[in-house]
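Here is the structure we will look at.
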Amino acid sequence: MDTVDDTAVVGTRLSRPVAMVVGVLSVLVAVAVGHLAGGLINPAASPVIAVGNSARDLTPPSITEWAIANLGDAKKALVFVGVGVVLLVTGVLAGLLSRRRPWPGVAIAAVVGLVGALSVLDQPSVPTAGVLAPVAGLLAAVATFYRLHTAATRRRPAVPAGDEPESAARRRFLWTSAGVVVGAGAAGTAGTLLAGRNDATSSRAAVGALTPGTPAPPIPPGADFASVGTPRFLTANRDFYRVDTALLSVPQVRAEDWLLRIHGMVDGTRTYTFNDIRRRPLVERTVTITCVSNEVGGPYVSTANFVGVPLRDLLREAGVRSGADQLFSTSADGWTAGTPVDAAMDPNRGALLAIGMNGEPLPIEHGFPARMVVPGLYGFVSATKWVVDMELTTFGARESYWRKRNWGVRAPIKTQSRIDAPRAFATVPGGRVTIAGVAWAQTIGVAKVEVRVDGGRWLPARLATEVNSQTWRMWRLDVDLAPGTHRAEVRATDRRGQTQRQERVPPIPDGATGWHSTTFTVDTQS
């Protein structure tokens with residue numbers, strides 16, 4: 001029987017498709033094993049999450065600001081897609097550069113592993129041991145790359161003539177690749193399950209009902225015009241706006257593990273557990289929170305009944321020293337905010353360390369176990385979620401996350417108003433048309449709202465019942481309009497007599513200004 005030479009080498013140079021598969025599968029293994037190690041150590045140490053968070057922090061502020069203002073919940077998906085595309089391209093490149101020998105791909109894997117390790121070390125909320133997650137991913141990727149590369153290129157013994165060594169090599173490579181895929185899937189799934197051990201859901205459920213000793217006054221009848229298109233006065237937790245930098249993973253802090261430390265320019269450092277806070281007399285306050293990223297007419301404003309303890313009381317117990325003008329707060333994920341001390345201590349504002357929201361413990365995505373609520377200031381200086389540290393200091397001594405990106409310092413909320421009905425480009429029945437919306441001027445109060453149609457005279461709108469000066473206020477205007485297209489504008493005036501400015505100013509660095517308007521059509525058939 002004829003035979004081939006037993007020193008024959010089949011496929012010593014990888015084809016481009018095979019080379020790309022080798023690279024991509026190695027990246028998949030790196031991500032899966034890193035995710036598994038992160039689940040064992042700290043979920044935020046997962047390389048993809050760590051790299052995504054570092055990318056967020058290193059992104060030019062203008063891009064970050066635009067994303068926060070415009071992308072909403074899509075930010076998380078886009079970050080994951082972006083990191084995934086980069087890893088995919090890196091894997092393809094590593095494979096193509098290693099068609100003859102595996103060492104170029106191994107070198108690229110080492111660089112990627114180093115980036116992952118540096119990203120983990122850059123996250124203040126991740127312990128140093130978290131660096132083991134990207135290191136484990138790196139070692140697994142290198143081993144996988146070498147194994148797959150060898151499976152596709154190694155020398156094979158002679159086979160009888162007529163057999164197809166290429167087919168045998170292909171089968172061997174395909175089986176090895178299939179094993180890699182299964183193993184990576186198992187590792188990734190295990191990592192997700194392990195990360196779930198830190199899920200705060202059960203801890204939140206165990207908190208139970210939070211009954212304030214001092215409840216907020218009931219919301220009076222006529223506080224909204226929801227029947228004609230305004231929001232309901234209280235925003236349901238599921239609908240409450242959310243804007244934060246926790247793009248890839250929401251901090252999971254169990255109540256039984258939570259500690260709040262108050263230190264710095266104080267007479268004595270104080271530390272509180274969740275039970276310490278819960279056992280204190282709880283108060284409930286109705287507060288409207290607004291995000292500085294809110295464009296004119298935007299959705300990032302909501303109202304809730306928050307339950308907690310007066311922040312002023314905690315700070316007084318620590319003893320705020322003279323000269324401290326900034327309350328520098330830190331979240332469990334390392335995000336920081338700087339709140340003016342005078343606002344946090346102002347008894348008329350009623351700032352809270354909140355642990356409840358609308359009759360239940362804080363939702364995890366809104367800061368469970370505890371967050372700050374300081375009325376009258378935009379959220380980036382007043383509403384730290386998952387808060388674990390408060391340092392009394394000065395604005396000159398420390399710069400918070402957004403202050404380093406040149407956002408405002410004290411950030412008082414500007415008087416604003418919005419048209420909610422009719423919606424833009426809506427068609428409404430002819431005759432008497434109701435134009436309705438909401439206005440806010442937290443800590444001051446809304447005195448009046450005016451509407452004009454098609455550039456005509458300003459007409460006073462009817463105001464809903466006021467709840468308190470810390471909350472928004474609904475309004476409506478009923479007006480007869482002829483069939484056709486119309487444009488309505490709105491402006492509000494606060495109790496100090498200041499009318500919101502017409503000039504359009506973007507949200508960053510300290511809040512948008514401008515009159516909101518909407519264009520709609522009155523039905524010609526009515």
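Once the Cβ-Cβ distance of VAL181 and ARG432 is raised to the sixth power relative to R0 = 56 Å, the FRET efficiency obtained is 0.30.
With a simple spin-label model that places each label point 7 Å from the Cα along the Cα-to-Cβ direction, the separation between ARG261 and THR189 comes to 4.1 nm. Over all pairs of different C-alpha atoms in segment 223-310, the reciprocal of the mean inverse distance, the Kirkwood hydrodynamic radius, equals 16.4 Å. Averaging the sequence gap over all C-alpha pairs within less than 8 Å and six or more residues apart, then dividing by the number of residues, gives segment 226-405 a relative contact order of 26 percent.
Estimated from helical segments only, the mean residue ellipticity of the chain at 222 nm is -10500 deg cm²/dmol, where each DSSP H run of four or more residues counts as -39500 (n - 2.57). Fewest-first ordering of GLU256, GLU503, GLU360 by other beta carbons within 10 Å of each residue's beta carbon gives GLU503, GLU256, GLU360. In the chain, taking the dipole from charged Cβ atoms about the Cα centre, the farthest positive-side position among ALA109, THR288, VAL467 is held by ALA109. Legend: ranking of residues MET20, MET390 from fewest to most surrounding C-beta atoms inside 10 Å; resulting order MET20, MET390. Placing +1 on the Cβ of every Lys and Arg and -1 on the Cβ of every Asp and Glu, with nothing else charged, gives the chain a dipole about its Cα centre of roughly 320 debye. In this calculation the C-beta distance from SER202 to ALA74 is compared with R0 = 30 Å, giving a FRET efficiency of 0.55. Available extension along the chain between ASP122 and ARG16 is 34.5 nm, counting 0.36 nm per residue and deducting the alpha carbon span. In summary, the helical segments of the chain meeting the span-like criteria, namely a full DSSP H run, a Cα extent along the axis of 30 angstrom or more and a mean Kyte-Doolittle hydropathy of at least 1.0, are 16-41, 74-96, 132-153.
Gain on full extension, evaluated as 0.36 nm per residue between GLU466 and GLU365 minus their Cα-Cα distance, stands at 33.4 nm.
Computed about its Cα centre, the charge dipole of segment 241-280 is approximately 160 debye, with only Lys, Arg, Asp and Glu carrying charge at their Cβ. When the chain is described by a simple charge dipole with +1 on each Lys and Arg Cβ and -1 on each Asp and Glu Cβ, the residue from LEU234, GLY91, THR519 located farthest towards its positive end is GLY91. Charge dipole of segment 459-515 (Cα centre as origin; +1 on each Lys and Arg Cβ, -1 on each Asp and Glu Cβ, all else neutral): 80 debye, rounded to the nearest 20. The gain in end-to-end length when the ASP239 to ALA209 segment is fully stretched comes to 8.7 nm, 0.36 nm per residue minus the alpha carbon separation.
Sorted from greatest to least, the principal axis extents spanned by the alpha carbons of segment 182-329 come out as 59, 53, 33 Å. In this rough spin-label picture, where each label sits 7 Å from Cα along the Cβ direction, the ARG504-ILE63 distance is 2.5 nm. If you plug the beta carbon distance of VAL86 and ASP480 into 1/(1 + (r/R0)^6) with R0 = 56 Å, you get a FRET efficiency near 0.45.
Once Rh for segment 226-405 is found with the Kirkwood sum over Cα pairs, what is the Stokes-Einstein diffusion coefficient at 10 °C and 1.306 mPa s, in µm²/s? For these conditions, the coefficient is 96 µm²/s.
The ratio of the alpha-carbon radius of gyration of the chain to the globular-protein estimate 2.2 N^0.38 Å is 1.24.
Values in this text are rule-based calculations from the coordinates and carry no lab data. These numbers were taken from a predicted model, which means no experiment stands behind them. Note that we place each Cβ from the backbone using ideal geometry, even for glycine, and neighbour counts take in every protein chain shown.
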